[in-house]
Structure formats: structure tokens, C-alpha cells
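K.L.:
Dumping the structure here so I can ask a few things about it.
The values are calculated or read from the model by the stated rules, or taken from the named source; none is laboratory data. In this text the structure is predicted, and so the values were computed from the model without any measurement. Methodologically, a virtual Cβ is constructed for each residue, glycine included, from the backbone with ideal geometry; neighbour enumeration extends over all protein chains shown. Note: areas computed on protein heavy atoms with side chains; ligands, DNA, RNA excluded. Shrake-Rupley method; radii C 1.70, N 1.55, O 1.52, S 1.80 Å.
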Amino acid sequence: MQTVRTQRKPLVNDVFSPLPLYRSAPALEVRLEDFELFAMDRLRVLKGISDGLSRGKRAEEMVKLEKDLWTKNMRQPHPSEDLNKDIISHFVLRLVYCRTEDLRKWFLSMETALFRYRFGQKTPEVQRALMAEFGLSYKAVSNSEFESVKDKLVQVERSIGQKDVPTAGAIFYKVPFEEVPELVASRRVFILKGHAYIAANQVVSLVATQFRSHLSKALILTNRKWTSTIREQENDRLSPIVEALSTSYLGPDYSQPKGFSEISVKDIEALAKSSFPLCMRHLFDKLKEDHHLKHGGRMQLGLFLKVVSHGIFWHHCPMLQAGLILGVGLKLDDALSFWKTEFSQKVGAERFDKEYAYGIRHNYGREGKRTDYTPYSCQKIISSTPSVGDHHGCPYRHFRLLFGSKSYPSGCIKWYQSHAPSSGTNVSEGAACGLGPHIGSKGEGRGGDGGEENLRAALSKMGVNSRAMEDVMDKVQNRHYQLACTLTFEAVHGASCDSGINHPNQYFSDSQKILQAKNHSNAA
């Protein structure tokens, strides 16, 4: 698959099945714009599926969700182009997600879930054709064999809550049990002499297992090609796109939120308590406590607070022309005053002016190359790696890094040392500073829940009740950090957030909407 800037040759032809199996990359040219846009649209589908599964949606809810996601993001103006976009987007994301084990695992799971849904929507004839493409030429069991095991099949169907029990004429396939591990693990099939009897509506598990196996091997091969040749060859063109897509933020542009007025320095503390997400509230609290933040913390909190400079975007932004305010709402002058008030207590006003004021003006596009930087998304914050003395990043993720496994990298120990309740404690030598009961002299984990208690205390301070706390901690343990933040939002505000939290400024914006609505209601 080659990328070009202005041309694209048609892809669809008779050799492709009604549901692509993505066996090999197509021989076609793809516009560079489509290369990225198609991938981002498919990524919205996969991330939507991931959020739905993580939220524990029922099977019928997932079917509706996947249908809506596919219709919204993958449909083209002309139906004949749907297959092109489907295949192109898959292979682009295969390139994006082949690069690490964690990326491969996530992509493999989400693509398999998507395949299961799409396979289930096909007619029996198409399903049988897809089975044949995988070499699954299993024949339905004969009537006599069906009758001999009918009672057992009925027992299985009843045990899994099926109202319609098998009757004469029902289609069942007999397959080696190792080819349907999902059904065997959940005890949804009858096994006899090494073979599982699967109903026609369970064939999807058989085919999905084959799809997953083929895709898993393909991801390994793609990774080898990427590291050996593609990355170097496409260093100036495709590599930056590929490396950025796995952490792309796909939601609204929260450098330009709507409908809220500017804030002043005196407003920040109250807003931090009512509407800041945990990552920003933690940074704000540490700033007030230490009167200093390192570069990563200043960038994360500063961009969250800022207002995009009017002078740069006035002629290009209709929101500005309409008089709407961008960002949380802290103007440059107020930002300088805010940071100077805190930092001068530790480094003095003169040193602040010399060493730190330039960076703040730079973030607002008033220095250097005049770039007006936008606030960080959740994906960017989660992927950051705080080091000694840092406080930025995602508290939900860093909690898991420190306490979610039996061993801890030295960088994580150093990170916790900078956050420890008693400053100056040498965590790496096993001293007890909250982490002491969990990490020994060589950094090995010792179990316990000291770190969990710290996170629980922070959540409790935000107003998360004990019942919601358990749900949040469950998401943290399972690496669903944005869902943990979403559940925190819902617990704090007593309102649902179906779209999920994908950006700290979204958290702030949605919080303010809810609080303002409550204030108006009380006033009425």
C-alpha cells in the first residue's frame, strides 16, 4: 500500500469477501489525507467499543453501540467506497498498533470484537462462505447424531439461560474443542470425545478465534517490517503520523470551549475544588503546598488553565469573532500573576521573572515561534512518564504503576519518593514513607494497600462515596484510567457522563454546565 498526495486508485473488486478478512495489504495508492483520516475514524469505532466493554454493557447494548459507531464513523457518501475505507483504515491501524505488546493486545481485542459484531450481522450464506475462507469446512451434524445427543444439548442451552431449546432441524456443528476456547471456558457447549457441539448462532466464536489467530500473527510480522525497513524509509512522511495516532485525541477541541466567561486568579481555588479533574487538582494542590512545579507540571496545569491568545486566531476562529472565550479562561496577565504569586514564595520575584515568565508567555504564543499551545488531552497525560520531583501525569495510571504489580521500576520508586508523605525519605532503601510496606530494598513489591489508601483519600476529598470508590478502583486495577475518571465525575456531580471523559477541559466544561444548571434551578 503506497501513499500519495492527490491520487487514489479504486480498490473494490470481486476478489474481496463481503466481510474483509485483511489477509494481505491491498495493492493501491492512498491519499496522505485519507491515510490519517480513515485511521482516526476507525479508531473512534474501536475506542467506542473499548469503552462499552469496560462499562460492562450487555450484549444487546453492545450490538446497538457497534452499529451506531460504524454508521457514524465508517460510512462514506457513496456506498461503493465503504469497503475501501474499511480495508485502508484497518491496515493503517495495524501499522500503528503493531509496535508494542500493549498496543498489539488492545488492537487485537478490539478488532476481534468488531469482527464478531459484523459477522453476526451477515446472512447464514455469507457466514458459511467466511467459514470456508478460513478453511472451516465443517458440516452440520446428521439428524441421527443430533438425536443421540439432544438431551445433553438441551441441558447446556438451559444452563446458559436460553429459552429456545434445540429441536429437530436445528443446525449444530461438531468441531475440535480447542477451536472454541471461549465457549469451552464459559461452559456454553457440550463436549464429547474431544469435539464440541456448537449451535449455528455460536459459529461466530469459531470464526472469531481463527480471525484473532491470523491477526495476531500478522501484527508480529508487521512489527518486524516496521522496525527493519518501513520506519526508516518513511521517517519524514508516515512515521510521525503512525507514531502519533496511537495517542491521538479524537474528541472536541478543548482549546476552544464554549459559553463560559474568563476567570480571574481569585476564582481558581474555588474552581479547583468544584470542577478540576483529579490530575489538575493534584497539581494545583502541590503548587499551593510547595510553591513550585517542574516543567511537566507547569505545562500540564498551565495549558489547562489558559485562554488561547486572541491576537493570533482572531481572523481564523469564528468563536472568537462571536465574542466567545477559549480555554478554562485564564488570560496571560492573570496567568503571570497566578504563577508569580506562588513561585515567588520559594524562588523570589526576580528569579521568577528571569527564569519562568518567558515559558508562560511562550505557552500563550507571545514568545519564540508564536505557537499558541493547546491543553493536553487524557491520552497525552496518560502516556507521560513523571520522574523525580514531578507531579504531572495521570494519578490513576501512576497509582497502578506503583501498586498494581509485584515489582516496580526504579523510575516509579523515584516518582513515588517525590510524592511521599514524609519528604527526604529514601524509598529505595526500604524506608517507610507510605510506600515502605510495599517496596523493599531492591524495589520488589510486598503487597498491601498503602498506595491504594492514598488514592482513596484523594478521591474521598473530591466527594466520591464508598460505593462509587470501589467501581473507580476496579477500573484503575484494570487499566481503564479514563473510565475511572468518568466514574469519579459521575460520583462527584451526581450525573451521568455517557460520552466518557477524554479531556481534562471536557471535565471542567461539563462540571461547570452541571453546577450552573443547579444554581439556576435553585435560584428559580
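K.L.:
Mind listing whichever residues of the stretch 179-209 are of a type outside the set (Ser, Thr, Tyr), in contact with a helix residue (DSSP H, G or I) (Cβ under 8 Å, 6 or more places away or on another chain) and part of a helix (DSSP H, G or I)?
P.N.:
Passing the criteria: GLU179, PRO181, GLU182, LEU183, VAL184, ALA200, GLN202, VAL203, VAL204, LEU206, VAL207, ALA208.
K.L.:
So is PRO395 under 17 Å from VAL476 (Cα atoms), modelled with pLDDT of 50 or more, assigned by the TED database to the domain that holds HIS291 and open to solvent by less than 40 Å² (accessible area, probe 1.4 Å) or not? Even if it seems obvious, please write down each step before you answer.
P.N.:
Values: under 17 Å from VAL476 (Cα atoms): yes; modelled with pLDDT of 50 or more: yes; assigned by the TED database to the domain that holds HIS291: yes; open to solvent by less than 40 Å² (accessible area, probe 1.4 Å): yes.
Yes; evaluated as a whole, the condition is true for this residue.
K.L.:
Is there a residue in the stretch 514-524 that is modelled with pLDDT of 90 or more, in the same structural domain as GLY389 (by the TED database) and either among the β-branched types (Val, Ile, Thr) or open to solvent by 20 Å² or more (accessible area, probe 1.4 Å) (or both)?
P.N.:
yes
K.L.:
Okay, next question. Tell me whether the stretch 243-259 contains one or more residues that are more than 19 Å from LYS306 (Cα to Cα), polar (S, T, N, Q) and either modelled with pLDDT of 80 or more or part of a helix (DSSP H, G or I) (or both).
P.N.:
no
K.L.:
When both residues are 6+ apart or on different chains and their Cβ atoms are under 7 Å apart, which pairs have a first residue that lies in the stretch 94-121 and is not assigned by the TED database to the domain that holds LEU43, and a second that is open to solvent by 20 Å² or more (accessible area, probe 1.4 Å)?
P.N.:
Listed by first residue and then by second, the contacts come to nothing, as the list is empty.
K.L.:
Do you know which of the residues in the stretch 491-513 that are open to solvent by 40 Å² or more (accessible area, probe 1.4 Å) and out of contact with any Phe, Trp or Tyr (no Cβ under 8 Å at 6 or more places or on another chain) is nearest to MET462 (Cα to Cα)?
P.N.:
Among them, the one singled out is VAL492.
K.L.:
What tally of residues in the stretch 327-351 results from selecting those that are open to solvent by 50 Å² or more (accessible area, probe 1.4 Å) and free of Cβ contacts under 8 Å to residues at least 60 places away in the same chain?
P.N.:
Of the residues in that region, 6 qualify.
K.L.:
For the condition in contact with a strand residue (DSSP E or B) (Cβ under 8 Å, 6 or more places away or on another chain) and at pLDDT below 95, what is the one hit in LEU330, LEU320, LEU326?
P.N.:
LEU330 is the lone residue from the list that is in contact with a strand residue (DSSP E or B) (Cβ under 8 Å, 6 or more places away or on another chain) and at pLDDT below 95.
K.L.:
Which residue is surrounded by the fewest Cβ atoms within 10 Å (Cβ to Cβ), if the candidates are limited to the stretch 49-77 and must be of a type in the set (S, T, N, Q) and at pLDDT below 90?
P.N.:
In this case the residue turns out to be GLN76.
K.L.:
Same structure, new question: Listed residues LYS139, LYS174, LYS122, LYS150; which is within 20 Å of LEU19 (Cα to Cα) and either of a type in the set (Val, Ile, Thr) or out of contact with any Ser or Thr (no Cβ under 7 Å at 6 or more places or on another chain) (or both)?
P.N.:
LYS122
K.L.:
If you don't mind, another one. If ILE220 meets every condition in (1) among the hydrophobic types (A, V, I, L, M, F, W, C); (2) part of a helix (DSSP H, G or I); (3) surrounded by 15 or more Cβ atoms within 10 Å (Cβ to Cβ) apart from one, which number is that one?
P.N.:
Here ILE220 meets the rest and fails (3).
K.L.:
Pick out, from the stretch 88-161, the helices (runs of 4 or more DSSP H) lying fully within it that include 3 or more residues that are more than 37 Å from the chain's Cα centre (by Cα) and among the charged types (D, E, K, R). Let's see the steps before the verdict.
P.N.:
Working: elements: 101-120, 124-133, 143-159.
So the answer is 143-159.
K.L.:
Looking only at the stretch 463-497, count how many residues are touching a residue at least 60 places away in the same chain (Cβ under 8 Å) and either over 16 Å from the mean Cα position of the chain (by Cα) or not assigned by the TED database to the domain that holds SER383 (or both).
P.N.:
Counting residues in the stretch 463-497 that are touching a residue at least 60 places away in the same chain (Cβ under 8 Å) and either over 16 Å from the mean Cα position of the chain (by Cα) or not assigned by the TED database to the domain that holds SER383 (or both) gives 2.
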